[in-house]
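Only one structure is covered here, and it is reproduced in the block below.
The values are calculated or read from the model by the stated rules, or taken from the named source; none is laboratory data. Keep in mind the model is a prediction, meaning the values are calculated, not measured. Cβ coordinates were reconstructed from backbone atoms using ideal geometry, including for glycine residues, and neighbour counts include every protein chain displayed.
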Amino acid sequence: MMVVEDARHMYTALDVDPEKLDERERAFVGKIRQYGWSTTDVGADDEGPGFAYTTGFWLKFGHPELIVFSLPGQTAHDTFWHFYRELEAGRRVAVGSSTLDVFENVPAVLLPVAQRHYRDHLGWGRWFYGGDRFECLQLFYPDRDGRFPWSPEVSVGLRAAQPDLTEGNWFGLCAR
C-alpha cells in the first residue's frame, strides 16, 4: 500500500476500501477507527526480547509512535493508554530526559528510534502509514537500582532486554 499526502490529509490504511483488505488488516484498521490507535505485541524469540508498539498516535496527535521492550503485554498496553490520555489532554512527555510522568514508581526516558530499525520492529505501523513517513520513540525504564541500559554498571540482562534502536549509543547517553 502506498501513502500519498497532500497539504490537508495524510493518507493511511484508513483511506483504503475495506473490501481490499484481508481480515487481519480490517481488524487492525477497525481498532484504529474505534480507539484512535492500536497496539501490536511481538513475542520474544531467538532474535531478541518481546516488544510492543503503537500505531495511530502519529496520525491522531502528530506525536511519534511508541515502542517498548520486555514489559508484560498488559503493562505495555496500559502504559500506551496512559500516553494516549495525556496526548488527548494536550500534554506531552519530554524526549531525551528522565521523567516521572510515565510510570508510577520509576523514571522513564523516551529516545528517537532510527528509521533503519522500522522494518524489523514496526511492521504494522509501516503497513498502516504506507512506509516510514512517521516518527517513533523508544520508551526505556531502569533496573531496580535506577540504572538505565546505557549506564556502565547496568546488568547485561537489562541491556539485552532493552536493545538500542536509536542512531546508536542510546542517542549519545552512553559513553563509548
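Among the residues of region 133-151, which ones are of a type in the set (Asp, Glu) and touching a residue at least 60 places away in the same chain (Cβ under 8 Å)?
If the condition is that a residue be of a type in the set (Asp, Glu) and touching a residue at least 60 places away in the same chain (Cβ under 8 Å), then GLU135 is the only one that fits.
Inspect all residues belonging to region 103-117 and state whether any of them is surrounded by fewer than 20 Cβ atoms within 10 Å (Cβ to Cβ), of a type in the set (S, T, N, Q), out of contact with any Asp or Glu (no Cβ under 9 Å at 6 or more places or on another chain) and at pLDDT below 95. Explain how you work it out, then say what you get.
Of the residues in region 103-117, the ones surrounded by fewer than 20 Cβ atoms within 10 Å (Cβ to Cβ) are 103-108, 112, 114-117.
Narrowing further to those that are of a type in the set (S, T, N, Q): 105, 115.
Filter once more, so that each one left must be out of contact with any Asp or Glu (no Cβ under 9 Å at 6 or more places or on another chain): 105.
Pick out the ones that are also at pLDDT below 95 and you get 105.
Yes, because at least one residue in region 103-117 is surrounded by fewer than 20 Cβ atoms within 10 Å (Cβ to Cβ), of a type in the set (S, T, N, Q), out of contact with any Asp or Glu (no Cβ under 9 Å at 6 or more places or on another chain) and at pLDDT below 95.
When you look at SER98, is it of a type in the set (S, T, N, Q), within 16 Å of ASP164 (Cα to Cα) and surrounded by 11 or more Cβ atoms within 10 Å (Cβ to Cβ), yes or no?
In short, no.
Take PHE134 and tell me if it is in a helix (DSSP H, G or I) and in contact with a strand residue (DSSP E or B) (Cβ under 7 Å, 6 or more places away or on another chain).
When the stated conditions are applied, PHE134 does not pass them.
Whether any residue in region 35-51 is crowded, with 23+ Cβ neighbours inside 10 Å, aliphatic (A, V, I, L, M) and within 27 Å of ALA161 (Cα to Cα) is what I want to check.
Checked region 35-51: no residue is crowded, with 23+ Cβ neighbours inside 10 Å, aliphatic (A, V, I, L, M) and within 27 Å of ALA161 (Cα to Cα).
Pick from region 137-176 the residues that are assigned to a loop (DSSP other than H, G, I, E, B) and of a type in the set (Lys, Arg): which of them is nearest to VAL106 (Cα to Cα)?
For region 137-176, the residue satisfying everything is ARG144.
Filter region 52-83 down to residues that are among the hydrophobic types (A, V, I, L, M, F, W, C) and farther than 30 Å from HIS9 by Cα and give me whichever is surrounded by the most Cβ atoms within 10 Å (Cβ to Cβ).
Top of the filtered list is PHE69.
Of the residues GLY96, GLY90, which is at positive phi, at pLDDT below 95 and of a type outside the set (Ser, Thr, Tyr)?
Of the residues listed, the single one that is at positive phi, at pLDDT below 95 and of a type outside the set (Ser, Thr, Tyr) is GLY96.
Considering only residues of region 120-147 that are charged (D, E, K, R) and more than 20 Å from ALA161 (Cα to Cα), which is surrounded by the fewest Cβ atoms within 10 Å (Cβ to Cβ)?
That would be ARG133.
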